[in-house]
Each structure stands twice: as C-alpha cells, then as structure tokens.
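Every read-out reported here was derived from the displayed coordinates using simple, explicitly stated rules and does not represent laboratory data. None of these values were measured; they are calculated from a predicted model. Every residue, glycine among them, receives a Cβ derived from its backbone with ideal geometry; neighbour counts consider all protein chains shown.
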Amino acid sequence: MKVEVEESGNVVGTLLMPMFEDACSITDIDSDGVEQSLIEMMNHVISNGDFKAKAGTTLTIHNLAGKAILMGLGKSKDFSTDSAREAGASLVSKRGKQHGTEFTARLTSLSDEQAAAFIEGALLRDYKYNEYKSKDDEEDDDEDIVLHAQTANDVAALSAASDNAAHIATGVHLARDLGNAPPNDLYPMAYAEQAIAWGKGKDNVEVSVIEYAEAQKLGMGGLCAVGMGSDRKPCMVTFDLNPSAKGQPPVIVGKGITFDTGGISIKPSPSMDEMKYDMHGSATVFGLMQALWASGHQGHVVGISCMAENMPASNAQRPGDVITTMSGKTVEVLNTDAEGRLVLSDGLWKAAEYDPAWIIDLATLTGAVVVALGHEATGMWCNDDDLAKRIQNSGDACGELIWPMPLLPAFEKEMKDSKIADLRNIGSTRWGGSNTAAAYLKQFVQTRGEGDDEKQIPWAHLDIAGTAWGAKTNKMVSHGATGIHVRALHHMITKD
C-alpha cells in the first residue's frame, strides 16, 4: 500500500467518508472537492435512515460522478485509537473489486492520533500470503492500493507518522511471512540463510550464526538436544543492530521451533499442521529487527533466535534423558514436547553476554496460556515491576494486549524438584503449566553484582501461544501468523 497524506481537496478514486453516529448528517462532513451529485446522494441515504454510522457498518454508493464508501465509526465518545486502527483495517478487508485500488480517505473528523492509527490499520491489514498459489494472468488481487489520506490538521506530522507506520509494517509483514512459511521450506538453517541475506549491505547490522557443531562445543545442550533428531540441525542466529552505539542494549530472544511434532512425546495428529507456527517467537525477533532498521533506530539492539526442528527419530532425545545446558545446569527431560523452554535456556544464558539493559523472550510456549487467556492476550511473567509496566503500556499503545501473570516461588520450587538433575522440564502436575514454564526459564536469567547487590538482569517472558496465530478477533490480519508484538516492542524500544 502506498499512502499519500494531503490536505482536504480533490477526490481521487473511491471516496471514503468515516462518520460518527452522533454527527451523521451531510452538514457534519467535509465535502470539499466532492462532486455535488455525490453529496446529494449521500444526503439522500442519510436522510432516509439507510445509513446511521453505527460502528462497523459501511455503505457503498455510486453514480456517474464517482463512488463513495460511508463508514460508520459509532459514537464519538466511544471512539479510540484502537477503534481508528480497526476502521483502517476494515477498509482493506472489505474492499471489493468494484471499489478499485485508489481511495481518498477524508479523515478530517479524526484527531491526529486517530488518523495515524487509521492509516496504520490499513497498512497492517494490507497483507496476503500467496507465495504458493498459482495465479491467472488476469488476476489483479496483488495490485497496490493507493490511499490518499486527507486531514484538516498537521499534514507534515501525519505524513511522518504514516511513514513510520509503513516502516514498522514491513517488519510485521516479514514476521507473518516467516510464520506462514511451510516447514519443508523454512527450517533452522533456511531461517539463518534468510537472516544473513537480510543483513548484507546494511552497514549498521551484523548477523551471525552458531551452527550445530559449534553449538555442541559451546555446551548448548538445550538447543542441541531438541534439534538432534532432525536431519535439519539446529542453530542460533544473532542480529546485532547498531553494535557500535553506546549503552546497554535490550536483548530480544525468540523461540524458533520451525516444526514441532512433540518429538518422542509425539503430539496428536489433529491440527499438527499448525505447529509450523511454533517458530513465531523467532519470527517476531526478525520482524522487529527489520522494523527498527527501516525506521532508522540509532540505538544498539540485539536479537537472538533459537532455531530447531523437533522430530522423532532413533537419535532424538528421549523422556528420561538428562541434558546439560550452556549454563552448566542439568535438566531432566520428562516430556520432549516441552522443548521450547530447552532451546530458550541456552538463548537466555547467551543473552547475558551482551550486558543487556533488559531481556525479553517471546515463545509460543504453552497451551495452558491459551486456556487461561484465550486468543485475546499474551501472558507476561516478569522479574522487574518497572519493566513489566513498560511492556504492558507499550502493548496497550499498539492495541496488543499483554497480561501480567504470577512468578511465584512455589512454581520455581516445583521445577527444581527433580531427583536426578538440577531441574525438570515440566511441572509435577497439570496445573499452572504456563506458570511452571516461566519459572523454569527464570533459572537461566543471569545475575549481576555481588553480595547484597547481586540481582537478576531485568527479564520478561511473553507466552504468545494464543496470539501468534488463530486470533480471529485480531482485525489487523485475515488469517495465519499475526506478527504479534513487533509493534509493541518497537514502540517500547523507540518511544518508551
């Protein structure tokens, strides 16, 4: 989508007229540059009660003078930036061939913030994953949409906000591409090769890959154990943006299981195809780095993706195995389907090498978080109240709900209750499965300082199992991978 921000004036293509329920009359709209016969037709349908501007409603009208879409925004007192974002997404989702590909959105009744959110929603929703679909010569579904966003306020400010939203959207769309990619084509080293190709030619980016043999030498027992049963071996990919910049960098760690069969503890077959999405934590890491680079962020940021394919094989890890992680801590593997936490144990330990300001990991980690929060919110476990508040506020600012969950000592005690190793990789009961998983991860967050001043590095775990795909209420995407938290983390790193 191409967005051009301009002052109210001539209409190009189909006119989009957002209207509030409590200001639904022809006298309340900005009709500058609109053909008189089209104004009369709009007045006719409004006067007859055919359109009342209730939230989510649209009405297309047209005559020889042109076409217009009336879009209902509901009551103005209930309208928020989230509502504006969803309205922008609705423009794209409801667009038909009869509307064409060029729109003039008359956003003069919206505030600057709401107008920016409207554009952002349209940009985010303008996405399709059709890499593997055959196309007819006459198909025009991939034609670029041109959106002329007209405002009565500060054109320059809205234009800058629009450009920034477009930059961030490239990262969201990249994360979706990675999440939606079929697992026969996107496996650990394929992800690594794509990352290396992305980094080439970017002077402020360094991408490095720890391949399987090196990971073994470095003692990454969690990463290696999960991926050793696959012919397509695991790796760890590190993105280093602006490495010469001063200050402690934030470090984002992503779970990247490109396909999760469950291993020897094999999953049931229904919906197993969705396990290609089990790498969405690493998809968000890659997408975030793209968004930060595209938007010109100058600070030092590190991303770590822990990539593996969890397959059953004669050389796969077994329930009952004991592995030694990079930290030196041993883990009794009681269920090979609790594999994401194993790869993250090495990624979190590695993160401390960068002397980070804070660490956030993202993982499609547990079904339990979906039971708790559905597809509406990401679960967050955090060892630092200030960091937790910043993450939650950033999610709220972007319409990506992040919900705080408990890191109780009882859960940590439970995960340390192995008879033969330092830790167990699943809890002793089925209760609180997402909480025990977070408690396990906490054991691999390093400390700083000495004596009474010793304290863990600020860290948060985001369980995105319910929000990375299948979130039908997420209006920013039609189906499949959502690119969740590219925007929230970009906001936190650049604005918070």
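Details
- Among residues of the stretch 91-107, those that are among the hydroxyl-bearing types (Ser, Thr, Tyr) and surrounded by fewer than 23 Cβ atoms within 10 Å (Cβ to Cβ), counted: 2
- Taking the conditions (1) within 30 Å of Pro243 (Cα to Cα); (2) not in a loop (DSSP other than H, G, I, E, B) in turn, Gly296 satisfies each one other than (2).
- When Ala197, Ala175 are checked against the criterion of being more than 29 Å from Phe444 (Cβ to Cβ) and not in a loop (DSSP other than H, G, I, E, B), Ala197 stands alone in meeting it.
- Residue selected from the stretch 416-438 under the condition outside any loop (DSSP other than H, G, I, E, B) and touching a residue at least 40 places away in the same chain (Cβ under 8 Å), by the criterion surrounded by the fewest Cβ atoms within 10 Å (Cβ to Cβ): Gly433
- Against the test of being of a type outside the set (Ser, Thr, Tyr), touching a Gly at 6+ places or on another chain (Cβ under 8 Å) and under 17 Å from Asp361 (Cα atoms), the options Val205, Val253 yield a single qualifying residue, Val253.
- Residues considered: Thr258, Thr238. Of these, the only one that is in a strand (DSSP E or B), in contact (Cβ under 8 Å) with a residue 24 or more places away in the chain and touching a Ser or Thr at 6+ places or on another chain (Cβ under 6 Å) is Thr238.
- Glu131 acidic (Asp, Glu) and either buried (at least 21 other Cβ atoms within 10 Å of the Cβ) or not in a loop (DSSP other than H, G, I, E, B) (or both): no
- Qualifying positions in the stretch 32-88 - among the charged types (D, E, K, R) and either touching a strand residue (DSSP E or B) at 6+ places or on another chain (Cβ under 6 Å) or more than 22 Å from Val477 (Cβ to Cβ) (or both): Asp32, Glu35, Glu40, Asp50, Lys52, Lys54, Lys67, Lys75, Lys77, Asp78
- For the stretch 319-349, a residue qualifies if it is in a helix (DSSP H, G or I) and crowded, with 24+ Cβ neighbours inside 10 Å, and the qualifying residues are Gly340, Arg341, Leu342, Val343, Leu344, Ser345, Asp346, Gly347, Leu348.
- Within the stretch 263-285, one or more residues are basic (Lys, Arg) and not in a loop (DSSP other than H, G, I, E, B).
- Tallying residues that are within 17 Å of Leu407 (Cβ to Cβ) and assigned to a helix (DSSP H, G or I) within the stretch 356-388 yields 8.
- Only one of the numbered conditions (1) crowded, with 17+ Cβ neighbours inside 10 Å; (2) touching a residue at least 40 places away in the same chain (Cβ under 8 Å) is violated by Ser478, and that is (1).
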